[in-house]
Each structure stands twice: as C-alpha cells, then as structure tokens.
C-alpha cells in the first residue's frame, strides 16, 4: 500500500513539473495557470481512483480469514481415487505447528505393522488431523477430495477419530465427514456421540448427521436433546434436525 501511495505522489509530482514547464514556456496568464494546475490535479485524482483504490480493495479481499466451524462441510471438491502419489503430494504440517511433541506422527500407524492400503489412508488422516488442529482450512479442503476418494475404507479411521480423539475439534470434524456420507449403518454412532460426548460442537454435528439420515428412530433422542441439552446451539441443532426428519416422512 505504501508503494502505491508513493507511486501516486510520484505521478502527481511529474504532472505538476510538466505543468510548470508549460507555464514558463508558453507564458500563460494567471487565469490559464489556475486552469492548468486544476486540470493536472484532477488528472492525478482520477489516476488515484483508477489504480490505488481498486488495488486496496483487492488486497483486503485476498487477506486470509479465520477458520469457521461451518467451513468443514463447505468444500465442494469432487471425489478422486486415492493413490500413493496423491497422498505423498501433501506435505505434513510443520513441526512448529504440531499440537503436542509426544504425538508427532498422528494416531494411525504408517510403518510395517500396517498393510499398504492402511499406510496410505493412515498417513492421509494423520495429515488431515494436524490440518484440523492448526485450522489450516486450505489444506483441509485440499484433502477433502482424497478422503471422499477413500470411500467406505475411510470409515474405520473417521470413526476412531470421532470417538477417541482427545481434541474436540478433530472429533467434530470427523463426525461431520461421516455425516456427509449419509450411511444408515452410522446411525448408532451418531446417537452414541450425541448422548455421550462432552463437546457441544461434537453433539451439534451429531444432530446434523442424524438429520441427513432421516431415520425417525432418532426423533426421541433428538427431542430429549432439544429440551434439555446444556448448550443452546445443540438444542437448536436438535430442533432443526427434528423438523428436517419430519419433513421428509
């Protein structure tokens, strides 16, 4: 921004100098001098609005925004098959940004104790987990299509994260991805998370996931949550889930 301002001042100075030279060369009267200076000022202001203001607006629009909880479900990338090259193309999060030094590799094995496919998917989810912890939304969205490409093979990994991870953000994001799969086999998992997880964020995403399944058996637990959950946001999510399920029946 400072550079642009300096450019503007430089342009204005050049125009003013040229104007002064013209005045001295052509020997114009005072009235003409005023008109010329006013015209040069108008030109400088016009250039300012044509180049400096749009550049400022563009710079503001390109600034990174903080990660929103709702963004986990916003990526619209199409699924692509998982391959070794694709998994290897994503660089792990820098050591300085890892959550804890005692867990540098993530919860899933990538050594010889796992099969080749388990190593591929395990490495993918280890990187994804770190991206969630560091709120790296760009990398989360980049990995989203690869997770979709895993299909049902991703379910055991996501289930483990949703049920066991010590970080509530990871559990909630994993629950959200499982909800997007829209699989009736996951019904009991969402009910379990809704009943037992201490995180309001996880319970809220469980309500959302149940609403997508449309199973009327969820209405009873959802009504209890809507009536008595300690979190207003969870109560609202449960009420919305009830309305959605009833509207599809």
When residues of the range 205-217 are filtered for being surrounded by fewer than 24 Cβ atoms within 10 Å (Cβ to Cβ) and assigned to a helix (DSSP H, G or I), how many remain?
-> 6
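Conditions tested, residue by residue: (1) modelled with pLDDT of 95 or more; (2) in contact with a helix residue (DSSP H, G or I) (Cβ under 6 Å, 6 or more places away or on another chain); (3) under 27 Å from residue 241 (Cβ atoms); (4) in the same structural domain as residue 211 (by TED's automatic domain parsing).
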| position | (1), (2), (3), (4) |
| --- | --- |
| 120 | no, yes, no, no |
| 126 | no, no, no, no |
| 130 | no, no, no, no |
| 134 | no, yes, no, no |
| 142 | no, no, no, no |
| 158 | yes, yes, yes, no |
| 174 | yes, yes, yes, no |
Pairs, first part of a loop (DSSP other than H, G, I, E, B) in the range 229-243, second surrounded by fewer than 19 Cβ atoms within 10 Å (Cβ to Cβ), C-beta under 7 Å, six or more apart = 231/200
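The values are calculated or read from the model by the stated rules, or taken from the named source; none is laboratory data. Keep in mind the model is a prediction, meaning the values are calculated, not measured. As a convention, Cβ positions derive from the backbone with ideal geometry for all residues, glycine included, and neighbour counts pool all protein chains shown.
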